[in-house]
1. Looking at the square roots a ≥ b ≥ c of the eigenvalues of the Cα gyration tensor of the stretch A:3-110, which shape do they give, rounded for a/c under 1.5, prolate if a/b is larger than b/c, or oblate?
2. Averaged over A:53-66, how many beta carbons belonging to a partner chain fall within 10 Å of each residue's beta carbon?
3. What relative contact order, as a whole-number percentage, does chain B give when Cα pairs under 8 Å and 6 or more residues apart are counted?
4. Run through the stretch B:36-89 and list the GluC sites (Glu not before Pro) located in a DSSP loop whose Cβ has at most 15 other Cβ atoms within 10 Å.
5. For a footprinting-style exposure proxy, rank A:SER57, A:SER76 by other Cβ within 10 Å, fewest first.
6. Among the lysines, which have Cα under 20 Å from the Cα of A:LYS88 when same-chain residues fewer than 8 positions away are ignored?
7. Kindly provide the helix-only [θ] at 222 nm of the protein assembly as shown, computed as the sum of -39,500 (n - 2.57) over DSSP H runs of four or more divided by all residues, to the nearest 500 deg cm²/dmol?
8. Among the lysines, which have Cα under 21 Å from the Cα of A:LYS29 when same-chain residues fewer than 8 positions away are ignored?
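Values quoted throughout were computed directly from the atomic coordinates according to the rules given, and no laboratory measurement underlies them. Quick caveat: nothing in here was measured; it's all calculated off a predicted structure. Reconstructed Cβ throughout: ideal geometry from the backbone, glycine too, with neighbour counts over all protein chains shown.
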Amino acid sequence: MDLSLSTHTIGDRTVVEVGGEIDVYTAPKLREQLVELVNDGNYHLIVDMEGVDFLDSTGLGVLVGGLKRVRAHEGSLRLVCNQERILKIFRITGLTKVFPIHNSVEDAVSATD
Amino acid sequence: MATVELRFSALPEHVRTARLVAAAVARRAGVDESVLDEVRLAVGEACSRAVGLHRRGGIDGAVRVALIDQEKRFLIEVEDEAGSASVPSREHDEGAETDEDTLGLAVITGLVEDVEVTRGASGGLIRMSWPVSDPSVDG
């Protein structure tokens, strides 16, 4: 199982659909994708993690890095995730307080807080 | 001797293999299905940390994963060969790299009740264990 990435835009939001496993081997690909999007001027990102089977702290680090980048441009990074085993990792590390986590892409797109 | 022992070059592409092997051996040893995800994640974190220490230190060598089926516990040891950098120190802050290391350890300690981060023969050693169900009780 590798990492799959695809992006599309909804209004001023850029949705990054992630599938597969985000770990020490695959996380650099996600990092590159996020860096490229921000460098291209996409500052409102939604990372859809519904297709993610595995996430570790390397993946968390990449998401935190992405958040720092978009915030430097007064942007946002929202997550879409309903999977308990993935959400648990965000809770353990206290990152539920850092990332807005939504049930659906639609919710994330309409969120403004 | 460990029930199953795995040694791999400290490269990111091998961490997934270690996770899969650990989960398979844990299942066979009788670790409850509900905690196999934790086992998989904790071993992955320990191995990722070991690989990171080797890479950041520019140190060749191997990561050793020992999977030990004891009578009532399933024990996992992950040992690196990264020398003194392996044992976390609060005294110096190395910025982002330390953050990643700290995050990995936070996940392990948050997941695993019985965990010990200590010094091995030539680097760090993370020792974790989980209870195994008694087959005589389960039938």
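1. It comes out rounded by the Cα gyration axes.
2. Taking all residues of A:53-66 together, the mean is 5.
3. 28 percent
4. B:GLU71
5. A:SER76, A:SER57
6. A:LYS97
7. Rounded to the nearest 500, the figure is -12500 deg cm²/dmol.
8. A:LYS68
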